[in-house]
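Since the structure comes first, as structure tokens, the remarks are kept for the end.
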Amino acid sequence: MQKEKKVPGVPKSPLKRPLPPSGMVWLAVLLLVTTLFFFGRNTGKTAEFTQTQFEKQLAAGRIVSANIASRANDVLFVTGKYKLDQAQAALAADTADGADGTGAYECQLLNSEQLQSAIREKVATVEVVPAESWYSYLLPALPMLLLIVLLWIFFARQFKNANKGAMQFGKSRAKMVAPDEINVTFDDVAGCDEAKEEVREIVDFLRDPLKFKMIGGKIPKGCLLTGPPGTGKTLLAKAVACEAGVPFFAISGSDFVEMFVGVGASRVRDMFDQAKSSAPCLIFIDEIDAVGRSRFSGLGGGHDEREQTLNALLVEMDGLEARSDVIVLAATNRPDVLDQALLRPGRFDRQVVIDLPDIVGRRKILDVHIKKIKTAAGIDLDVLARHTTGLSGADLANMCNEAALLAATSGREEVTQHDLEEASEKVRWGRERKSRRISDRDRRNTAYHEAGHAIVDIFCEHATPLHKVTIIPRGQALGLTFMLSEEDEYTQTRLELLDEMAVSMGGRVAEEIVFGDVATGAVADIERASHIARMMVCVFGMNDKIGPIKYGDFREHVHVRLDAAPQDILSPETAREIDLAVREFVTQAHDHAREILSRERERLEKLAAALLERETLSAAEVYELLSLTPPGAKDVTIKPAETPLEA
């Protein structure tokens, strides 16, 4: 386990407290209490008499009781019971007041001695209530007043929060993270030693800036981390903040851009103001391409929100106002779309490339992640590092996690070598779909198709070595032929590309030879071969007729810059020559694959039959089945094709 690093002067972040109950709940409770107070005090009906009606009831002897209270010198407030007639008693028979033939009344009367004498003479029960104080008048209205006060407080708070939210709209959303909350050191970042060495200078400056200032040196104001997804750019930024022991402001590039013009620029200014108050510190902007794209792209007018945000960022990083001890780290996997003013010295004057790890880096990454799971004895990580060419650090972490899940699903307490290899194939090509129902015709067709790939790969001298062949569906494919290089390859020769196209056409050619027909399963192989052929002609300059000239704007990434230069305009004659050259390469690969499979027809049938029986064969089993010597042995019996692959 990693030890928490205590940094003096940097307090720990307080624990998040639960939010208090909503004011709407208390408002609902008060409304319920008020309703019960007003409407639940008296369920019976109270008659309101005028003075004339009261005097008639008094003269008729229907007043049973009277409670007299003086509201003023000339006004009496009288309440009590009176006798109901037969019709009224029948209607009120079910009520509490009308059960005994009486009802409740109340009235206000003009005070006079005659009226008081008549009440005392004709009413059996008379009670004089003392005069009420001023607060007695306020008591019945107290629930309503309380309700009004609560409503005022509630809505005043809402307006205040709304106003506060409007005022906070232009504030920065950058989250300040204390170093002791990160707990990521350089030891946790593997596979990018050169990148760690470059950012280590930033750590040294933040720890001891006087050493650099005394000699006259200036630390880079900004450091741009570039590389493919999953290579550890964000992880490296966290390690820099933790190792330096300074506050760390983290924000995403998309947090600056809003629908209102000027908000992004305001947030940029506020973020740098906060950083200056906490200097020395680090600002980390993840996915900066969301806000740092090149200007004048043709989208939006002169007041484009994204351009205003970028202008504010440029000024804050290197403008008229001096900024010290605030270093900006940014990460992106699209450095080609960033504005050139952002990349100049003085802003992001250092670019650190974090590429996919090589075999040594993959081994170090596996060592980091394999410590988190329980493994069985005999795990060979060197083999796994050789077989995971092209995987990023995130892919390797996912592979180790998948291996642990496979072991737990199978009921094992430790991860074995088989679990790791299966997880590697699952991450690369998808999980085996053994439950998928395949007809015998499709299964036989798939077996010959994959056997054709394997045979052509074995007998092509410059092709990538065979690793495994299977007819068990994975992902969207009905079968797969795995070819893995033992070493990392960064360039490919012309002969290697020609052999790769021949291997791609091997499955379709095998179907033509065996069945005399072709299926739709070779669509991905045709697409791959066509792409390689067009790149050889238009980009790599490997065709003798076309020559070393680049045609078109070919990009490996699916996204292109909006302000990129337009594609080359080709004349009809040149376009025709390119099409003929591409067709020539593909046809040549097709003929080469047919030549190999026609010569090795017996081995093709033997391998297809073994696949139909065993479904999956490793490279060693294939070579043993075909009575061939594996590549790398002393006596290699595999012969290259008799016809040389010339353009």
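The values are calculated or read from the model by the stated rules, or taken from the named source; none is laboratory data. Everything numeric here is computed off the predicted structure, so don't read it as measured data. Using ideal geometry, Cβ is built from the backbone for each residue, glycine included, and neighbour counts are taken over all protein chains shown. Each accessible area value is taken on the protein alone, full model and side chains, heavy atoms only, with ligands, DNA and RNA left out. Shrake-Rupley method; radii C 1.70, N 1.55, O 1.52, S 1.80 Å.
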Please work out if GLY170 is at pLDDT below 85, among the small types (Gly, Ala, Ser) and either buried (at least 21 other Cβ atoms within 10 Å of the Cβ) or not in a loop (DSSP other than H, G, I, E, B) (or both). no
Given the residues LEU310, LEU329, which is the only one that is open to solvent by less than 30 Å² (accessible area, probe 1.4 Å), outside any strand (DSSP E or B) and modelled with pLDDT of 80 or more? LEU310
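Does LYS81 satisfy being touching a helix residue (DSSP H, G or I) at 6+ places or on another chain (Cβ under 7 Å), more than 29 Å from LEU146 (Cα to Cα) and modelled with pLDDT of 75 or more?
No; evaluated as a whole, the condition is false for this residue.
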Please list, ordered by residue number, the helices (runs of 4 or more DSSP H) wholly in region 177-259 having 3 or more residues that are under 21 Å from VAL353 (Cα atoms). 193-207, 233-244
Selection count, region 453-508, where residues are within 19 Å of GLU527 (Cβ to Cβ), of a type in the set (A, V, I, L, M, F, W, C) and assigned to a helix (DSSP H, G or I): 7
Looking only at region 460-475, which residues are open to solvent by 20 Å² or more (accessible area, probe 1.4 Å) and among the charged types (D, E, K, R)? GLU461, LYS468
Considering region 236-253 alone, what residues qualify as being of a type outside the set (Lys, Arg), modelled with pLDDT of 80 or more and open to solvent by 20 Å² or more (accessible area, probe 1.4 Å)? GLU243, ALA250
Which one is farthest from ASN445 (Cα to Cα), of the residues in region 582-609 that are of a type in the set (S, T, N, Q) and open to solvent by 60 Å² or more (accessible area, probe 1.4 Å)? THR587
If I filter region 338-352 for residues that are modelled with pLDDT of 85 or more, of a type in the set (Lys, Arg) and either open to solvent by 60 Å² or more (accessible area, probe 1.4 Å) or touching a Ser or Thr at 6+ places or on another chain (Cβ under 9 Å) (or both), do I get at least one hit? yes
So, in region 113-127, of the ones that are outside any helix (DSSP H, G or I) and more than 14 Å from PHE54 (Cα to Cα), which residue ends up farthest from the chain's Cα centre (by Cα)? ALA124
Identify, from the list ASP457, ASP440, the residue that is among the charged types (D, E, K, R), more than 36 Å from the chain's Cα centre (by Cα) and open to solvent by less than 60 Å² (accessible area, probe 1.4 Å). ASP457
Counting only residues in region 559-581 that are more than 43 Å from the chain's Cα centre (by Cα) and modelled with pLDDT of 90 or more, the one surrounded by the most Cβ atoms within 10 Å (Cβ to Cβ) is identified as ALA581
Can you pull out the residues in region 376-421 that are β-branched (Val, Ile, Thr) and either modelled with pLDDT of 90 or more or open to solvent by less than 50 Å² (accessible area, probe 1.4 Å) (or both)? ILE379, VAL383, THR388, THR389, VAL415, THR416
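Yes/no matrix, rows are residues, columns are (1) modelled with pLDDT of 80 or more; (2) within 22 Å of VAL199 (Cβ to Cβ); (3) in contact with a Pro (Cβ under 8 Å, 6 or more places away or on another chain):
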{"residue": "PRO229", "(1), (2), (3)": "yes, yes, no"}
{"residue": "LYS233", "(1), (2), (3)": "yes, yes, no"}
{"residue": "ASP255", "(1), (2), (3)": "no, no, no"}
{"residue": "ALA265", "(1), (2), (3)": "no, no, no"}
{"residue": "PHE272", "(1), (2), (3)": "yes, yes, no"}
{"residue": "GLY292", "(1), (2), (3)": "yes, yes, no"}
{"residue": "ARG323", "(1), (2), (3)": "no, yes, no"}
Any pair with Cβ under 7 angstrom, 6 or more apart, that starts in region 239-252 at a residue that is under 18 Å from VAL268 (Cβ atoms) and ends at one that is buried (at least 24 other Cβ atoms within 10 Å of the Cβ) and small (Gly, Ala, Ser): PHE248/ALA241; PHE249/ALA275
